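The values are calculated or read from the model by the stated rules, or taken from the named source; none is laboratory data. Note that the structure is predicted; figures quoted are calculated from it, not measured. Here the Cβ positions follow ideal geometry from the backbone for every residue, glycine too, while neighbour counts run over all protein chains shown.
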Amino acid sequence: MNVWPVISEGKASPRDEVVYNIGPFFAAVRQGDWKLVWKATLPSKVELFNLAQDPSESMNLADKTPQKVAELQRRIELMAKEGVEPLFLVDALGAAQHVLFGSVSTPEEEKDLESQP
């Protein structure tokens with residue numbers, strides 16, 4: 001998804017959701033004004049917030065809006081099946097690559113090294 005016009009020209013973002021995290025036992029996603037935080041470990045917990053009306057996330061609307069909870073849970077499950085990687089995991093693996101493979105070059109790194117003066 002190209003977000004350059006958002007950054008460079010101040011245009012509206014084409015994104016309609018933000019994935020905070022998806023793990024085996026927890027997930028959080030924001031879609032529009034709605035944010036769902038879902039913890040499956042015991043004791044399980046589901047929280048739903050309307051960020052436009054409650055930016056401090058003080059009023060859990062999960063019991064009052066079960067259809068929105070179900071919709072966002074389905075979205076989380078779909079993303080988990082698609083293999084969405086949490087951003088912190090991507091960053092951590094990138095940072096750890098040098099430590100894990102210290103003296104071993106990946107094919108991409110070899111190309112970079114060959115092209116250096």
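Of the residues making up the range 42-65, those that are within 16 Å of A28 (Cα to Cα) and surrounded by 13 or more Cβ atoms within 10 Å (Cβ to Cβ) number 11. Given the criteria assigned to a loop (DSSP other than H, G, I, E, B) and surrounded by 13 or more Cβ atoms within 10 Å (Cβ to Cβ), does N2 qualify? So N2 does not fit the description; no. Could you list, in sequence order, all residues of the range 37-59 that are more than 18 Å from V18 (Cα to Cα) and not in a loop (DSSP other than H, G, I, E, B)? Correct list: K45 only. Summed over the range 6-32, the residues that are charged (D, E, K, R), at pLDDT 85 or above and part of a loop (DSSP other than H, G, I, E, B) give a count of 1. When K45, K81, K68, K35 are checked against the criterion of being over 25 Å from P14 (Cβ atoms) and at pLDDT 60 or above, a single residue qualifies: K45.
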